[in-house]
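Shown next, in structure tokens, is the structure this report addresses.
The values are calculated or read from the model by the stated rules, or taken from the named source; none is laboratory data. Just so you know, these numbers come straight off a predicted model, no measurement behind them. Neighbour counts are summed over all protein chains in view; Cβ atoms, including those assigned to glycine, are modelled from backbone coordinates with ideal geometry. For accessibility, only protein heavy atoms count, side chains too; no ligands or nucleic acids. Shrake-Rupley method; radii C 1.70, N 1.55, O 1.52, S 1.80 Å.
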Amino acid sequence: MDDRSYMRRALALARRGMGRTAPNPMVGAVIVRDGRIIGEGWHARCGDLHAERHALSRCTESAEGATIYVTLEPCCHQGRQPPCTEAVIQAGIRRVVVGSPDPNPLVAGKGLDLLRQHGITVETDVLRDECDALNTVFFHYITTGTPYVVLKYAMTMDGKIACYTGLSRWVTGPEARRRVHEDRNRYTAIMVGVGTVLQDDPQLTCRIEGGRDPIRIICDSRLRTPTHAEVVRTAKTTPTILATCCEDPARHAPYLEAGCKVLTSAADPEGRLDLPALMKALAADEIDSVFLEGGSTLNWSALRSGIVQRVQTYLAPKLFGGTDAPSPIGGTGADSPDGAFFLSPPEVTRLGNDILLESEVLPCVHGDR
């Protein structure tokens with residue numbers, strides 16, 4: 001096996017922490033000596049051992065003189081865990097092979113410099129693209145101080161997310177719906193508007209075996225969420241945040257008693273939640289990613305406010321028709337083709353009869369509109 005092969009193994013290990021490491025990155029590590037893997041580890045969840053220390057703790061023999069392959073630059077600062085560079089140096093490892101540099105200002109090359117100062121050979125950028133892709137969320141969160149937001153919707157081939165009656169179960173098939181639940185497990189929080197709660201009374205949970213329920217965020221500027229709604233009734237078992245412009249403590253009280261967190265945020269000029277301000281508040285609570293499953297009104301507001309980084313479009317081979325049947329993005333819309341929200345060329349995934357298109361929102365759309 002060569003460096004790339006060992007790094008692929010480290011990537012596979014890192015993915016075992018998916019959905020559980022936030023706000024930390026996913027990291028995997030493989031320790032090799034004399035052509036043999038003698039230790040493997042990964043960051044399993046926030047607060048647990050980092051990948052390097054986990055791998056060292058599971059070594060079958062001394063790591064002195066070995067090579068460690070790690071998907072992200074080893075940390076060199078004290079956080080919830082002690083610095084990994086310290087453990088690597090003390091173990092007598094002679095070579096460190098890294099996939100991604102760490103953009104965290106507390107690390108950002110300092111870890112690699114420290115290792116070199118102790119005579120350790122450092123190789124960088126091995127499978128860099130794959131390692132970077134693993135931690136898109138972390139890189140965005142640590143460099144911007146805001147959550148990474150994924151806007152998701154499912155629509156028919158004529159661009160409808162529901163029939164004119166409002167019925168929408170189901171636009172897509174079981175394979176696509178399973179992928180949605182995998183992403184609910186992956187991202188820290190799920191966000192919808194109060195309109196979705198009023199119309200569908202959703203659970204907003206992850207329904208795959210071994211999955212983790214995301215934190216539920218309801219954008220409800222005027223605090224209209226019914227206290228008998230599913231998200232309120234189950235708030236003591238599944239964390240639920242009501243984001244609102246309403247500052248009346250008396251109106252907050254029944255939600256607080258039910259176990260919800262009420263997060264008061266500023267209003268935009270139209271009296272709706274100021275979404276960029278809300279993202280800053282969520283980031284302060286270590287919410288590093290948001291899976292946005294809103295209706296057309298919230299989707300437009302999110303795009304217009306510039307908080308969306310990625311768009312997922314599930315496309316079903318169906319035609320609903322109907323002038324009044326809703327489409328994914330509401331609001332006033334762009335006033336010309338040049339005023340559109342431009343996306344990167346999509347990644348295409350076939351899921352049963354459906355197709356998933358995934359694109360990044362290009363930076364040029366984040367200006368004033």
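Observations, loosely collected:
- Taken over segment 332-351, the residue count meeting the criterion of being of a type outside the set (S, T, N, Q), under 30 Å from Pro174 (Cα atoms) and exposed (fewer than 15 other Cβ atoms within 10 Å of the Cβ) is 5.
- Looking only at segment 186-221, residues that are part of a helix (DSSP H, G or I) and more than 21 Å from Gly330 (Cα to Cα) come to 1 in all.
Listed here are the residues, each with its yes/no results for (1) under 30 Å from Pro74 (Cβ atoms); (2) among the polar types (S, T, N, Q); (3) in contact with a Leu (Cβ under 7 Å, 6 or more places away or on another chain).
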| site | (1), (2), (3) |
| --- | --- |
| Gly111 | yes, no, no |
| Arg116 | yes, no, no |
| Thr121 | yes, yes, no |
| His140 | yes, no, no |
| Val150 | yes, no, yes |
| Ser168 | no, yes, no |
| Val180 | no, no, no |
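Per-residue answers, yes or no, for (1) in contact with a Pro (Cβ under 7 Å, 6 or more places away or on another chain); (2) open to solvent by less than 50 Å² (accessible area, probe 1.4 Å); (3) in a helix (DSSP H, G or I); (4) of a type in the set (A, V, I, L, M, F, W, C):
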site	(1), (2), (3), (4)
Glu40	no, yes, no, no
Val88	yes, yes, yes, yes
Gly92	no, yes, no, no
Val98	no, yes, no, yes
Gly119	no, yes, no, no
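- Only a single item in (1) on the phi < 0 side of the Ramachandran plot; (2) out of contact with any strand residue (DSSP E or B) (no Cβ under 8 Å at 6 or more places or on another chain); (3) surrounded by fewer than 22 Cβ atoms within 10 Å (Cβ to Cβ) is not met by Gly109, and it is number (1).
- For segment 262-278, the candidate set comprises residues that are of a type outside the set (D, E, K, R) and part of a loop (DSSP other than H, G, I, E, B); within that set, the residue that is surrounded by the fewest Cβ atoms within 10 Å (Cβ to Cβ) is Pro269.
- Members of segment 233-261 that are over 16 Å from Ala189 (Cα atoms) and surrounded by 15 or more Cβ atoms within 10 Å (Cβ to Cβ): Arg233, Thr244, Cys245, Cys246, His252, Tyr255, Ala258, Gly259
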